[in-house]
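Structure, as structure tokens:
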Amino acid sequence: MWLLFAIGSAVFAALTSILAKVGIEGVNSNLATAIRTFVVLAMAWGMVFLTHAESGLASIGKKSWLFLILSGLCTGASWLCYYRALQVGEASKVVPVDKMSTVLTLILAFIFLHETINTKSIIGMLLLTAGTLVMVIS
């Protein structure tokens, strides 16, 4: 089941990039990010109430609050950078660089979460990095 959601994530992320590139034309990138964030916020809280998950708020521990807030700050910083990059660059070059987060995530997961990196992971990271370089360098 996770694979279907991951594929959905990839499809929607691709659509996000194209729609954002068209929508950001003539709009300040920070304002565009704020509009996008407002829509995401409304959608996320809508899902919380639709699924009756709001009762779980009281049971969230301090550690979870801290890391969810830090994650949110990183998401915000990522989106601000992404929208500015999209505004001044080509989507076909911005998006592959943005997706280097996959490689960085594998490395950080190894360092901080002690997840394993095997030969296939290393080959995949090298291929992703090479592919990004081929797409970006012209």
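The values are calculated or read from the model by the stated rules, or taken from the named source; none is laboratory data. What you see is a predicted model; the values in this text were computed from it and never measured. Virtual Cβ from ideal backbone geometry, glycine too; neighbours counted across all protein chains shown. The accessibility values were calculated without ligands, DNA or RNA, using every heavy atom of the protein model including side chains. Shrake-Rupley method; radii C 1.70, N 1.55, O 1.52, S 1.80 Å.
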- Computed log₁₀ I(q)/I(0) - Debye formula, equal Cα scatterers, no solvent, region 91-138, q 0.28 Å⁻¹: -0.99
- Item | Mean residue ellipticity (222 nm) of the chain, computed from DSSP H runs ≥ 4 via -39,500 (n - 2.57), nearest 500 | -27000 deg cm²/dmol
- Please compute the net charge surrounding Tyr82, taking Lys and Arg as +1 and Asp and Glu as -1 over other residues with Cβ under 14 Å from its Cβ. +3
- Query: Among rounded, prolate and oblate, which fits region 1-60 when a ≥ b ≥ c are the square roots of the eigenvalues of its C-alpha gyration tensor, a/c under 1.5 means rounded, and a/b larger than b/c means prolate?
  - Reply: oblate
- For the pair Leu41 and His114, the simple spin-label estimate (label points 7 Å beyond Cα toward Cβ) gives in nm 3.8
- Query: Mind checking which helices in the chain clear 24 Å along their axis (Cα) and have mean Kyte-Doolittle hydropathy of -0.5 or more, DSSP H runs only?
  - Reply: 2-23, 29-50, 62-88, 119-136
- Task: Grab the Cα-Cα distance for Phe67 and Ser101, subtract it from 0.36 nm times how many residues apart they are, and report the gain in nm with one decimal.
- Result: 10.4 nm
- Report in % the part of the accessible area of the chain that belongs to carbon and sulfur, leaving out ligands and nucleic acids; probe 1.4 Å. 76
- Plugging the Kirkwood radius over Cα pairs into Stokes-Einstein for the chain, at a temperature of 37 °C and a viscosity of 0.692 mPa s, what D comes out in µm²/s? 188
- Query: Where in region 71-107 does the amide nitrogen come within less than 20 Å of the point 7 Å from the Cα of Asn28, taken along Cα to Cβ?
  - Reply: 76-89
- Query: What whole-number value in Å² describes the accessible area per residue of the chain for a 1.4 Å probe?
  - Reply: 76
- Message: What distance in nm lies between label points placed 7 Å from Cα along the C-beta direction at Ala91 and Ile123?
- Response: 3.3
